[in-house]
Amino acid sequence: MFKTTKGLVLREVRYKEADRILTILTESDGKITAKARGVLRKSSRSAAATQQLTWSELTLFGNRGKWTVNEGSVLEGFSGLRDEIERLALGSYFAECLEAFAVEDQPDPALLQLGLNSLYALSEKLGEPEKIKAAFELRLMCLTGFQPDVRACAVCGKTEPEDPVLSLEDGVICCRSCRKASWDGALLEEGALAAMRYVVSAPAKKLFSFPLEGRALQNLSRASERYVQAHAERRFSTLEYYRQFTEKTI
Ligand SMILES: [Zn+2]
C-alpha cells in the first residue's frame, strides 16, 4: 500500500552500506519507523528528505506494519540549525523529546505542530535558544498529559505563592514554606512562574512571546528540563551534549 504524507525526521541511523533507518513523526500515522533504501548513494534523490530534522513530503510503502520510504522531497530543511552547532544540538534534543513522548501509529497534530514551530523558531533565530527550549519543554508536557497546575499553591491556595516551587512529580506549585519534605521541587525565580503560566495557555503561534531573560530564563529552562526528565523517567543524551555549549555562560 502506497501512501503520501508529510513527516518530520526525528532520527536517522545508518544501516548497511547506503540505507537509513528513520524515526519519523508523520502527519498521517504519528510516530513510525521506516527504512529508506539506498538514500546514501550519490545518485539518490531522497538523501536530503531523509536527513534528521527535516520536514519532508514522503511516499511510503506499508506492508504488515513495516514502512519503507519510496520517495521524498524536502519541505523545510531548517537550514539555520545546520550552521550553528549549539542550535543543532538543541534541535536534536527536541527531536529526542518528541520521539520519547510521541505514541506509535497515532497521529497527533498538536505535538507535530509544536515540534515544527519550535524547530522553525530555533532555525530562524526568533528567540534565545533557552527561551525556545523552556517553552518547548513545558508545552510538550501539557500536550502529553503532564500539564502542571500553576494556578495557585497546592497546599495553602495562595494565587501568588511566596518563593514558588514547582513540584516535579505532582506537577503542582506551592510556596517554599508549604513544600512537603518529600517533594522533589524546582525553585522558581521571579518572573519564571508568570512565564510558565503564559506557556501553558498561550496560542500555539505565540508560544515564544513572553518576556523573560537572564537568570530567570535560565532558571525556567532548568526547571522545565527537570520536569521533562521526571516524567520521561530518563535522561537525554542530546541535552547533555547541548549543555556542553551553554555551561560556560551560566
Ligand atoms: Zn502555600
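The values are calculated or read from the model by the stated rules, or taken from the named source; none is laboratory data. Since this is a predicted model, take the numbers as computed values, not measurements. Backbone-built Cβ (ideal geometry, glycine too); neighbour counts: all protein chains shown. Heads up: the accessible areas ignore ligands, DNA and RNA and are worked out on the full protein's heavy atoms, side chains in. Shrake-Rupley method; radii C 1.70, N 1.55, O 1.52, S 1.80 Å.
Spacing of the modelled spin labels on Glu104 and Gln147, each 7 Å from Cα toward Cβ, amounts to 2.9 nm. Placing a pseudo-label 7 Å from each Cα along the Cα-to-Cβ vector at Val13 and Asp163 gives an inter-label distance of 4.6 nm. Considering helices alone, the calculated mean residue ellipticity of the chain at 222 nm is -11500 deg cm²/dmol, with DSSP H runs of length four and up weighted by -39500 (n - 2.57) and normalised per residue.
State in Å² the accessible area per residue of the stretch 2-76; use a 1.4 Å probe, count heavy atoms of protein chains only, and round to the nearest integer. Could you put the intermediate results ahead of the total?
On the way: 4070 Å² over 75 residues.
About 54 Å² of surface per residue is accessible.
Name the shape class, rounded, prolate or oblate, that the alpha-carbon gyration tensor gives for the stretch 1-119, where a ≥ b ≥ c are the square roots of its eigenvalues, rounded holds for a/c under 1.5, and otherwise prolate holds if a/b is larger than b/c and oblate otherwise. Oblate, because a/c is 1.5 or more while a/b does not exceed b/c.
What's the extension gain from Gln244 to Met1 if we count 0.36 nm per residue and subtract their Cα-Cα distance? Show your work: numbers first, answer last.
Working: separation 243, 0.36 × 243 = 87.48 nm, distance 4.46 nm.
Contour length minus Cα-Cα distance gives 83.0 nm.
Placing +1 at every Lys and Arg Cβ and -1 at every Asp and Glu Cβ, with all other atoms neutral, what dipole size does the chain have around its Cα centre, in debye to the nearest 20?
On the way: 35 positive and 34 negative charges, 141 e Å.
Dipole of the chain, to the nearest 20 debye: 680 debye.
So for the chain, considering every pair of alpha-carbon atoms, how many percent are separated by more than 23 Å? So the portion of pairs separated by more than 23 Å is 52 percent.
A Förster radius of 30 Å, combined with the Cβ-Cβ distance separating Lys125 from Leu187, puts the computed FRET efficiency at roughly 0.50. Could you please state how large a percent of the accessible area of the chain is carbon and sulfur, counting protein chains only and using a 1.4 Å probe? About 47 percent, which is the carbon plus sulfur part of the accessible surface.
Near Val39, the amide H atoms lying under 5 Å from its own belong to Arg20; only residues 5 or more places off or on other chains count, and H is placed 1.01 Å from N. Ala48 label point, 7 Å along Cα→Cβ, cut-off 17 Å on backbone N: hits in the stretch 2-17? Correct set: 7-9. For the stretch 103-250, the per residue solvent-accessible surface stands at 51 Å², with DNA, RNA and ligands left out and a 1.4 Å probe. For the stretch 135-164, list residues with backbone N below 12 Å from a point placed 7 Å from the Cα of Val200 toward its Cβ? Once the point is set 7 Å along Cα→Cβ of Val200, 138-139, 141-143, 146-154 turn out to lie under 12 Å by backbone N, inside the stretch 135-164.
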